1. Given the criteria out of contact with any strand residue (DSSP E or B) (no Cβ under 8 Å at 6 or more places or on another chain), surrounded by fewer than 18 Cβ atoms within 10 Å (Cβ to Cβ), within 14 Å of chain A (Cβ to nearest Cβ) and in contact (Cβ under 8 Å) with a residue 12 or more places away in the chain, does B:Glu207 qualify?
2. When only residues in the range B:447-461 that are open to solvent by 20 Å² or more (accessible area, probe 1.4 Å) and in contact with a Phe, Trp or Tyr (Cβ under 8 Å, 6 or more places away or on another chain) count, which is modelled with the highest pLDDT?
3. If we scan the range B:378-401, do we find a residue that is farther than 30 Å from B:Ile349 by Cβ, touching a residue at least 40 places away in the same chain (Cβ under 8 Å), aliphatic (A, V, I, L, M) and not in a loop (DSSP other than H, G, I, E, B)?
4. Going through the range A:214-227 one residue at a time, which ones are within 14 Å of chain B (Cβ to nearest Cβ), open to solvent by 50 Å² or more (accessible area, probe 1.4 Å) and modelled with pLDDT of 85 or more?
5. Out of the range A:159-202, which residues are closer than 24 Å to A:Leu271 by Cβ and in contact (Cβ under 8 Å) with a residue 24 or more places away in the chain?
6. All but one of (1) open to solvent by 60 Å² or more (accessible area, probe 1.4 Å); (2) outside any helix (DSSP H, G or I) hold for B:Asp341; state the number of the condition that does not hold.
7. Does B:Glu245 fit the bill of being part of a loop (DSSP other than H, G, I, E, B), at pLDDT below 90 and within 12 Å of chain A (Cβ to nearest Cβ)?
8. Name every residue in the range B:362-383 that is closer than 19 Å to B:Leu308 by Cβ and at the interface with chain A (Cβ under 8 Å from one of its Cβ atoms), in order of residue number.
Amino acid sequence: MSMQRIDAYATPTKSNRSERQRAWTRIILALLLLAGIVVWALLINADNLKVNLEGRNTAPSLAHLFGTDWLGRDMFARTLKGLTLSLAVGMLAALSSTGIALFFSLLSSWNKWLDDMVTWVTDLFLSIPHIVTLILLSVAVGGGFKGVVVGLALTHWPRFTRLLRAEVLQVKEAEYVGVSRQLGRSRLWIARHHFLPHLFPHLLVGFLLLLPHAILHEAAITFLGFGFSTDTPAIGVILSESMSYLSTGLWWLAFFPGLALVIMVSIFELLGRSIRRLAETSSG
Amino acid sequence: MKIRIVFIFLFLSSLVMACSDENGKEFSARDVDTKSSLVLAIGGEPEDGFDPTTGWGRYGSPLFQSTLLTYDQDFTIQNDLATTYKVSDDGRKWTVTIRKDVMFSDGEALTAEDVVFTYKTAKTSGSVIDLDNLEKVEKTGDDTIHFYLKKPESTFIYLLSTIGIVPKHAYDQDYNENPIGSGPFEFVQWDKGQQLIVKENEYYYGEKPSFKNLTFLFLSEDATFAAAKSGEVDIAAVPPTYAKEDVPGMRIETWKSVDNRGIMFPFVPAGEKTKEGVAVGNDVTADKAIRQAINVGIDRQALVDGILDGYGTPAYTAADRLPWWNPDTVIEDGDMERAKDMLEDAGWIDNGNGIREKNGIQAAFTLLYPAGDQLRQSLSIAFADMIRPLGIDVKAEGKSWRDIEKLMYSHPVMMGWGSHDPLELYNLFSSNTRGIGHYNSNYYSNQTVDAYMEKALRARNEKEANQYWQKAQWDGETGFSAQGDAPWAWLVNVDHVYYVREGLHIGEQKIQPHGHGWPLTDSIAQWEWDE
């Protein structure tokens, strides 16, 4: 995972500034695009999602940018609805995963034994193929919205935990932490005043980089039939439904929703990477 | 760089040419021996194998075995193995005499002993074959069999026409995977999940089919369509949505069916529970006005045109166009105004946000369909949208059958039926079958209907029985069709669509039952190539 890479040294000051400017531009652009998707989805006319048997299976046109499906529903509206659902689920899952990772990393700073335990659990989860754990958990919890969120939340923390744990262990050895400890500050106090401020940029970036993974995995297990039930307007459902119409030539049913998903995921990658760059250059 | 691209291009194009060359050869090589052999991809691989005593062959012909009786195009009963059959005056004793010249495909003679053995085995098999009413079966001599029934049952004749006779001497545990019978074809090989290969039975007593070898491929819908396109199969069953595609060298044949889809409405108000604790009843659909208004309001033809691409017919009962169907059950539908009036008259008033209400109950329900069944999903979604202007709020939800079974007594479900045996009507609408498996999930009950169906079962011949079956649907005052109690909203009958190779004649087909594929093979003796 790319977020594990940490640039070791800061770049010279002059290029630093333009670098920061460009990062800001990218962040604002990405945020605008995402806001656009959400607002557009909220404004969708319910009529577009309605069944319209006369206008079914029409190719992309100006009236229907992404074409219509076999029930005459507008694919553009369905895709946007699906994207926002994916976004919401991804947010929820990535937030939970971040929380779990933070908890474990702080836990590992407690003592050697807890650190070993955290490392062991992390390795255990990393040793099983991701998608298998995900499907297992999702089915065990009962599928649907709950299954997907729980499954995603419980499978996306291990790599992030490793990263945070390394950071915590590093800060733990810092002089100012030693001073605080000698002054008699409690572990909780140290965690709140020394570890958390140091971890915050990592948390933000890590969260943003987890999002695209969570979204893609949500679409993946839904596509495989272990996620949302077929009546949910999720991208995974749209994609798996379109499979049976591909051989009859309705290519737009899969192409545009798939493309839209890829674009949204890329926007998040861009956002995450730009914020990381910003954090790195400022601290340098 | 450029040179490399040119090379790659040349390499690719030569590859393409090589492929097409090979295909061409294969095609011509096949053409020579296709005269006597056929490849079919018609789906429906039987999970339990080919044992008629556990249900093989109940849709259409058993292929390897033959039955005592059979029914023709117009559902008139004809002799097959039997030479005569007679029902006693009290309707409880059926006597059948059989041909003496019949041999199984292993050369052994088929005798009354085998028939008795078949029915005894089927009765105790605990399978979908319901022979509960058969008290005992005996033979006299080598060619006469007596069936004693507990109660008279006119539909017993349909069992005689669907249960294939198995050989006593060759029946063992593996019979379902290695069947021997007296039907037109002999079993060769079954690769589970892949294909079934059969050859002509040289001992067959009936009209000889003009094909020596048949291969049945078990493919997914997608793969079937691809196989048809690439010319690998002679007959391919596809869902109606594929039927608008042109496939070179093949034509489309569609057959009318009673393979219906409709919405089962819980008939009683909520409150009760089954022994297993499953909730029964639904306060909204328990109101006759709601059920009838839906039946009148939906536009069935629009569903046929829009979802089946025209490959279907509007459905009004579970048995449309069969001899026991009552044509008076056809109603004027797509009439929103009349439907609205019916709801108003019954006290369902718009509560201001477009949903009707009566005594504090909103006209809203969740319609369940089996997740993964695209046709039922489409119908459910389209139905929900179609019915909303009436002021009835329907939410379509996909669930697994396991979940549906826990909810189907209290929620409307998109179901499908359609059988060549009128006993299905009894199972769907009798007070005695309430909550038995998927039968009568409505908990429907109407004494007049029960009485008619009882009379139909006790009838001495099919003609008399059919009259009572028809009255049970609608006798001018009541019945289980939409004219009467309307416990269902039947929507469509799905045409069965096949790609058939040009020049191959597969004859006229009966109205096809629920279940694609095998019913097609029961006319196999008449199939032939154009000369």
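The values are calculated or read from the model by the stated rules, or taken from the named source; none is laboratory data. These figures come from a predicted structure and were not determined experimentally. Methodologically, a virtual Cβ is constructed for each residue, glycine included, from the backbone with ideal geometry; neighbour enumeration extends over all protein chains shown. Calculation scope for accessible area: heavy atoms of the full protein, side chains included, ligands and nucleic acids excluded. Shrake-Rupley method; radii C 1.70, N 1.55, O 1.52, S 1.80 Å.
1. No, not satisfied.
2. So the first thing to find is which residues in the range B:447-461 are open to solvent by 20 Å² or more (accessible area, probe 1.4 Å), and the list is B:447-448, B:450-452, B:454-455, B:458, B:460-461.
The next check asks that each one be in contact with a Phe, Trp or Tyr (Cβ under 8 Å, 6 or more places away or on another chain); those that pass are B:452, B:455.
Working: B:Tyr452: 96, B:Lys455: 93.
Among those residues, the one meeting the criterion is B:Tyr452.
3. Going residue by residue through the range B:378-401, those that are farther than 30 Å from B:Ile349 by Cβ are B:378, B:398-401.
Subsequent filtering for residues that are touching a residue at least 40 places away in the same chain (Cβ under 8 Å) retains B:378.
Checking which are aliphatic (A, V, I, L, M) leaves us with none.
No.
4. Of all residues in the range A:214-227, those within 14 Å of chain B (Cβ to nearest Cβ) come to A:222-227.
When the remaining residues are screened for being open to solvent by 50 Å² or more (accessible area, probe 1.4 Å), the result is A:223-226.
Hits for the range A:214-227 are A:Phe223, A:Leu224, A:Phe226.
5. Keep residues of the range A:159-202 that are closer than 24 Å to A:Leu271 by Cβ, which gives A:159-164, A:166-167, A:196-202.
Matches in the range A:159-202: A:Arg159, A:Phe160, A:Thr161, A:Arg162, A:Leu163, A:Leu164, A:Glu167, A:His198, A:Leu199, A:Pro201, A:His202.
6. (2)
7. Numbers: part of a loop (DSSP other than H, G, I, E, B): yes; at pLDDT below 90: yes; within 12 Å of chain A (Cβ to nearest Cβ): yes.
In short, yes.
8. Passing the criteria: B:Gly372, B:Gln374, B:Gln377, B:Ser378, B:Ile381, B:Ala382.
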